[in-house]
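**Q** Just passing along the structure, written as structure tokens.
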Amino acid sequence: MNLKNLKLNLSNKNKDLIPQVLTVLLLILVVIYFTINAQSNMGNRGISFGFGFLSQESSFDITFSLIDYDGSHSYARAFLVGLLNTILVSAIGIFFATILGVTVGIGRLSQNYLIAKAAECYVEIFRNIPLILQIFFWYFAALRALPLTVDSINFYDISFLNVKGWYVPRFIWTNFSIFFYSIILAIILIIFLTKYARKQRDEFGKQLPILYISFGLLIVLPLLTFLFGGVSLSFEIPELEQLSKTVYVYKGGVSIIPELISLALALSMYTATFIAENVRAGILGVNKGQKEAAASIGLTKGQILKLVVMPQALRIIIPPTTNQYLNLTKNSSLAAAIAYPDIVLVFAGTALMQTGRAIEIISITMLTYLSLSLSISVFMNWYNKKMAIKEK
Amino acid sequence: MIKSIKNWILVVLASSLLVACGQGGGGSGSKKSKTLDNTKKAGFVKCGVSQGLPGFSNADESGNWTGIDVDVCRAVAAAVLGDADKVKYTPLSAKERFTALTSGEIDVLARNTTWTLSRDADIGLTFVGVNFYDGQGFMVRKNSGINSVNDFRDGISACTNTGTTTELNMRDFFNSKNIKYEPIAFEKADEVVQAYDAGRCDTYTTDKSGLAAQRTKLSAPDDHKVLPETISKEPLGPVVRQGDSVWEDIVRWSLNTMIEAEEYGVNSSNASSLKDSDNPAIKRLVGSEGELGAAFGLDNEWSLRIIEQVGNYGESYKKHIADTNILPNRGPNELWTKGGILYVPPAR
């Protein structure tokens, strides 16, 4: 290789590559430095490092768990309980934030003055108050407003709401698997039907009432299993029990703890304001001419929104809304303030305290949030790609 | 091209800044009494306390800390720096406290912390003594009809703090009684009080001294009572980092001096007049006999300063715990000569 060649190489690709390689090397060095530093400091202070504690007995209990857990299980299991609780509250939060956000976002663009103003007030109030205050507000306001167990708010004698939670009937199934398969079957049928309907529309211009047929399938097929498949469902209704003179508790059924209710409420109310603004921006971002063109070929208002405006608006809405989903998931870590047993309270809180393994536990928790956020990102990117303009 | 080089320089600058920061925070070695040298250099004792527990460590409106835990910090400051006020207090949650100590953010942790085997042995800490013998109890509403822990039934809900021995004792207790309970654990004590006050839980469990102190924060303190049973041993005491035995001894003997001073009747008002006492134990306490301070690299009046500026243990207890009506009765925290279990090795 002669000098001329080298020069040529440098002026092209390598000139950009060398700084990048050096930066990566430097970064690796920094990481190694911090690791060695942490190790030697921990050594000096007699702190050992390791993940063996994860299999030890946790010996603390948790209020609310989606899987079987008590203090005789391991720290790893406690971690799982916390993780599932984090996922649960995030999923509920994302679900309601999306519904509320889309509604309010469309509401802000309403011709109706009252609806538009109400939506605007909601957005301006809830997005400008720090989330932690809203969580405290819903939690302690709810606790103060709700009646004691003995004077519960009664919903038709099957569901009860009081300061200790919301008690709903538990479903007791027989032959649940048959019921479950019937739903899967219905979903598969609907997928095929949708494909068939699309073909009919594209080739013959026929519109099939696909929505009604789908709902019909989803209801009729599972119903048939009740009649012929031996599936049955009964309810375990919560019952009031007296523990002592003035202490009562509901037993049986499912209890939804007030911590979960208020956290999910606060998270979705707060995040919905940002989603509403995204939706508004998305709809406003669609060219006016598109709506006018759609109207001129005789589409109804609902059809215009569904077939013309929304598909284009979604491209603007999805990326910033992904951010909001990620924010909501990370914000759920404020749960610790009101005793909702999420991963931060259970694992980075109690487990950290009991074992004293700060570095290990905080790293695991950080990695967990990272993976959670990345999974949401991956899913939303996939959805975004699906919604993007397909150039033909 | 120019732009990419510019970016690269920026990245390098930023990374070197990171490295520089890393170096600043690193490496406090295990050299003897390094903590003492650093404290003398800084001019104050770095002390970790609670976020507000009346009687133990509590700040008033103007930010002055008081309490028997605070008095341990003040005693160390008086011994090492000659002035009990030269303390920098760091309020810590239960979760933060040990990390703050092992990372060197504080040098003494005096934060109603229970001495247990795993804490002492496992996580780089050393407990130096006990300044309050406590035990876990339960608070309930007076009208609840619950008069003893034997009245608890399946389904009872109990509020407590997370990250404390309380959470573990609670489980041990309910398991041994075979009672199913609902544990609700908050990060901060204030939220526990609010939730219990609102009726979220039927009982509030923590150390009895804590219950007595927190009861004053309830909307109607007289509607609540503490059950007579004590379900655990909670010896609360100051903690230091492992590996600096000189510093460890200074904190240990600062606390012991306060207790021994009470035993020999030496208090803040009479200490200096007892220099010519006939009792050699008293003379050693006020620094007129022996060379005890030299062992930790301190002068001979270190203990006299503690007694004069902070007072003996009895004075401290009376001022912060008894006169504030938290626990007027000293119970086990009485001297061994008066029926309690406060007993310290002799200072000689």
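The values are calculated or read from the model by the stated rules, or taken from the named source; none is laboratory data. Everything numeric here is computed off the predicted structure, so don't read it as measured data. Virtual Cβ from ideal backbone geometry, glycine too; neighbours counted across all protein chains shown.
**Q** Looking at region B:222-273 only, could you name the residues that are of a type in the set (Phe, Trp, Tyr), out of contact with any strand residue (DSSP E or B) (no Cβ under 9 Å at 6 or more places or on another chain) and either buried (at least 23 other Cβ atoms within 10 Å of the Cβ) or on the phi > 0 side of the Ramachandran plot (or both)? I'd like the intermediate steps shown before the answer.
**A** Pass one, region B:222-273, residues of a type in the set (Phe, Trp, Tyr): B:247, B:253, B:264.
Still in the running and out of contact with any strand residue (DSSP E or B) (no Cβ under 9 Å at 6 or more places or on another chain): B:253, B:264.
Within region B:222-273, B:253 is the sole residue that qualifies.
**Q** Can we say residue A:350 is within 14 Å of chain B (Cβ to nearest Cβ), among the hydroxyl-bearing types (Ser, Thr, Tyr) and touching a Ser or Thr at 6+ places or on another chain (Cβ under 7 Å)? If you could, list the steps in order and put the result at the bottom.
**A** Numbers: within 14 Å of chain B (Cβ to nearest Cβ): yes; among the hydroxyl-bearing types (Ser, Thr, Tyr): yes; touching a Ser or Thr at 6+ places or on another chain (Cβ under 7 Å): yes.
Considered against the rule, which asks whether it is within 14 Å of chain B (Cβ to nearest Cβ), among the hydroxyl-bearing types (Ser, Thr, Tyr) and touching a Ser or Thr at 6+ places or on another chain (Cβ under 7 Å), residue A:350 comes out as yes.
**Q** Here is a follow-up. Within region A:341-355, work out how many residues are in contact (Cβ under 8 Å) with a residue 40 or more places away in the chain and either within 21 Å of residue B:114 (Cβ to Cβ) or assigned to a helix (DSSP H, G or I) (or both). I'd like the intermediate steps shown before the answer.
**A** Quick first cut of region A:341-355, residues in contact (Cβ under 8 Å) with a residue 40 or more places away in the chain only: A:341-347, A:350-351, A:354-355.
Checking the rest, the ones that are also either within 21 Å of residue B:114 (Cβ to Cβ) or assigned to a helix (DSSP H, G or I) (or both) come to A:343-347, A:350-351, A:354-355.
The number of residues fulfilling the criteria is 9.
**Q** Let me ask something else. In this structure, is residue A:271 closer than 30 Å to residue A:343 by Cα and not hydrophobic (A, V, I, L, M, F, W, C)? Step through it out loud before you land on a result.
**A** Details: closer than 30 Å to residue A:343 by Cα: yes; not hydrophobic (A, V, I, L, M, F, W, C): yes.
So residue A:271 passes the test.
**Q** Exactly one of these conditions fails for residue A:240: (1) out of contact with any strand residue (DSSP E or B) (no Cβ under 7 Å at 6 or more places or on another chain); (2) on the phi < 0 side of the Ramachandran plot. Give me its number.
**A** Residue A:240 satisfies every listed condition except (1).
Quick grid of which residues meet (1) in a helix (DSSP H, G or I); (2) closer than 30 Å to residue B:186 by Cβ; (3) β-branched (Val, Ile, Thr); (4) in contact with a Lys or Arg (Cβ under 9 Å, 6 or more places away or on another chain):
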site: A:161; (1), (2), (3), (4): no, yes, no, no
site: A:166; (1), (2), (3), (4): no, yes, no, no
site: A:177; (1), (2), (3), (4): yes, no, no, no
site: A:182; (1), (2), (3), (4): yes, no, no, no
site: A:185; (1), (2), (3), (4): yes, no, no, no
site: A:193; (1), (2), (3), (4): yes, no, no, no
site: A:197; (1), (2), (3), (4): yes, no, no, yes
site: A:216; (1), (2), (3), (4): yes, no, no, no
site: A:260; (1), (2), (3), (4): yes, yes, no, no
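**Q** Suppose we filter B:62, B:93 for residues that are buried (at least 18 other Cβ atoms within 10 Å of the Cβ) and either free of Cβ contacts under 8 Å to residues at least 12 places away in the same chain or under 13 Å from the mean Cα position of the chain (by Cα) (or both); which single one remains?
**A** On the way: B:62 fails: buried (at least 18 other Cβ atoms within 10 Å of the Cβ).
Selected residue: B:93, the only one of B:62, B:93 that is buried (at least 18 other Cβ atoms within 10 Å of the Cβ) and either free of Cβ contacts under 8 Å to residues at least 12 places away in the same chain or under 13 Å from the mean Cα position of the chain (by Cα) (or both).
**Q** Among the residues that make up region A:367-390, is at least one of them within 14 Å of another protein chain (Cβ to nearest Cβ) and at pLDDT 90 or above? Full working, then the answer.
**A** From region A:367-390, those within 14 Å of another protein chain (Cβ to nearest Cβ) are none; that's our starting set.
The answer is no, given that none of the residues of region A:367-390 is within 14 Å of another protein chain (Cβ to nearest Cβ) and at pLDDT 90 or above.
**Q** Right, here's the next one. If you go through region B:321-343 one residue at a time, do you hit one that is touching a Ser or Thr at 6+ places or on another chain (Cβ under 9 Å), in the same structural domain as residue B:45 (by TED's automatic domain parsing) and at positive phi?
**A** Yes.
**Q** Can I ask one more? Tell me, please, whether a residue that is within 13 Å of chain A (Cβ to nearest Cβ) and surrounded by fewer than 20 Cβ atoms within 10 Å (Cβ to Cβ) can be found in region B:200-218.
**A** Among the residues of region B:200-218, not one is within 13 Å of chain A (Cβ to nearest Cβ) and surrounded by fewer than 20 Cβ atoms within 10 Å (Cβ to Cβ), which makes the answer no.
**Q** Taking region B:97-118 only, how many residues are over 15 Å from the mean Cα position of the chain (by Cα), of a type in the set (A, V, I, L, M, F, W, C) and buried (at least 18 other Cβ atoms within 10 Å of the Cβ)?
**A** So the answer is 0.
**Q** Among the residues of region B:117-166, which ones are aliphatic (A, V, I, L, M), without any contact (Cβ under 8 Å) to a residue 40 or more places away in the chain and more than 10 Å from chain A (Cβ to nearest Cβ)? I'd like the intermediate steps shown before the answer.
**A** Let us first name the residues in region B:117-166 that are aliphatic (A, V, I, L, M), namely B:117, B:121, B:123, B:125, B:128, B:130, B:139-140, B:146, B:149, B:156, B:158.
Within this subset, residues satisfying the condition of being without any contact (Cβ under 8 Å) to a residue 40 or more places away in the chain are B:117, B:121, B:123.
Within region B:117-166, B:117 is the sole residue that qualifies.
**Q** Does residue B:268 satisfy being at pLDDT below 95, within 24 Å of the chain's Cα centre (by Cα) and within 22 Å of residue B:80 (Cβ to Cβ)? If you could, list the steps in order and put the result at the bottom.
**A** On the way: at pLDDT below 95: yes; within 24 Å of the chain's Cα centre (by Cα): yes; within 22 Å of residue B:80 (Cβ to Cβ): yes.
So residue B:268 fits the description; yes.
**Q** Restricting to region B:274-294, name every residue that is outside any helix (DSSP H, G or I), without any contact (Cβ under 8 Å) to a residue 12 or more places away in the chain and surrounded by 15 or more Cβ atoms within 10 Å (Cβ to Cβ).
**A** So the first thing to find is which residues in region B:274-294 are outside any helix (DSSP H, G or I), and the list is B:275-279, B:286-291.
Checking the rest, the ones that are also without any contact (Cβ under 8 Å) to a residue 12 or more places away in the chain come to B:277-278, B:289, B:291.
Within region B:274-294, B:277, B:289 qualify.
**Q** Can you pull out the residues in region A:54-73 that are out of contact with any Gly (no Cβ under 8 Å at 6 or more places or on another chain), surrounded by fewer than 17 Cβ atoms within 10 Å (Cβ to Cβ) and under 20 Å from residue A:364 (Cα atoms)?
**A** Across region A:54-73, the qualifying residues are A:55, A:56.
**Q** Specify which of the listed residues (A:62, A:67, A:47) is more than 22 Å from residue B:157 (Cβ to Cβ) and part of a loop (DSSP other than H, G, I, E, B). Even if it seems obvious, please write down each step before you answer.
**A** On the way: A:62 fails: more than 22 Å from residue B:157 (Cβ to Cβ); A:67 fails: more than 22 Å from residue B:157 (Cβ to Cβ).
Exactly one of A:62, A:67, A:47 is more than 22 Å from residue B:157 (Cβ to Cβ) and part of a loop (DSSP other than H, G, I, E, B), namely A:47.
**Q** Follow-up. Could you grab me the full set of residues in region A:16-41 that are at pLDDT 85 or above, surrounded by 13 or more Cβ atoms within 10 Å (Cβ to Cβ) and under 24 Å from residue B:103 (Cα atoms)?
**A** A:30, A:33, A:34, A:37
**Q** Test residue B:83 against the stated conditions and say whether it is over 29 Å from residue B:202 (Cα atoms) and without any contact (Cβ under 8 Å) to a residue 40 or more places away in the chain. Reasoning before the result, please.
**A** Working: over 29 Å from residue B:202 (Cα atoms): yes; without any contact (Cβ under 8 Å) to a residue 40 or more places away in the chain: no.
It is false that residue B:83 is over 29 Å from residue B:202 (Cα atoms) and without any contact (Cβ under 8 Å) to a residue 40 or more places away in the chain.
**Q** Here's something else I'd like to know. When only residues in region B:183-199 that are of a type in the set (Asp, Glu) and in contact (Cβ under 8 Å) with a residue 12 or more places away in the chain count, which is nearest to the other protein chains (Cβ to nearest Cβ)?
**A** Within region B:183-199, the subset of a type in the set (Asp, Glu) is B:187, B:190-191, B:197.
Checking the rest, the ones that are also in contact (Cβ under 8 Å) with a residue 12 or more places away in the chain come to B:187, B:190, B:197.
Details: B:187: 5, B:190: 10, B:197: 9 Å.
Going through the qualifying residues, I end up with B:187.
**Q** Please verify whether region A:116-133 includes one or more residues that are under 30 Å from residue A:323 (Cβ atoms), assigned to a helix (DSSP H, G or I) and within 14 Å of another protein chain (Cβ to nearest Cβ). Walk me through it before giving the result.
**A** Step one: of region A:116-133, the residues under 30 Å from residue A:323 (Cβ atoms) are A:116-133.
Imposing the further condition that a residue be assigned to a helix (DSSP H, G or I) reduces the set to A:116-127, A:131-133.
Those still in the list that are within 14 Å of another protein chain (Cβ to nearest Cβ) too: A:132-133.
Scanning region A:116-133, I find at least one residue that is under 30 Å from residue A:323 (Cβ atoms), assigned to a helix (DSSP H, G or I) and within 14 Å of another protein chain (Cβ to nearest Cβ), so the answer is yes.
**Q** When you scan region B:34-107 for helices (runs of 4 or more DSSP H) that lie fully inside it, which ones turn up with 3 or more residues that are more than 14 Å from every other protein chain (Cβ to nearest Cβ)?
**A** Numbers: elements: B:34-42, B:68-81, B:97-102.
Hits in region B:34-107: B:34-42, B:68-81.
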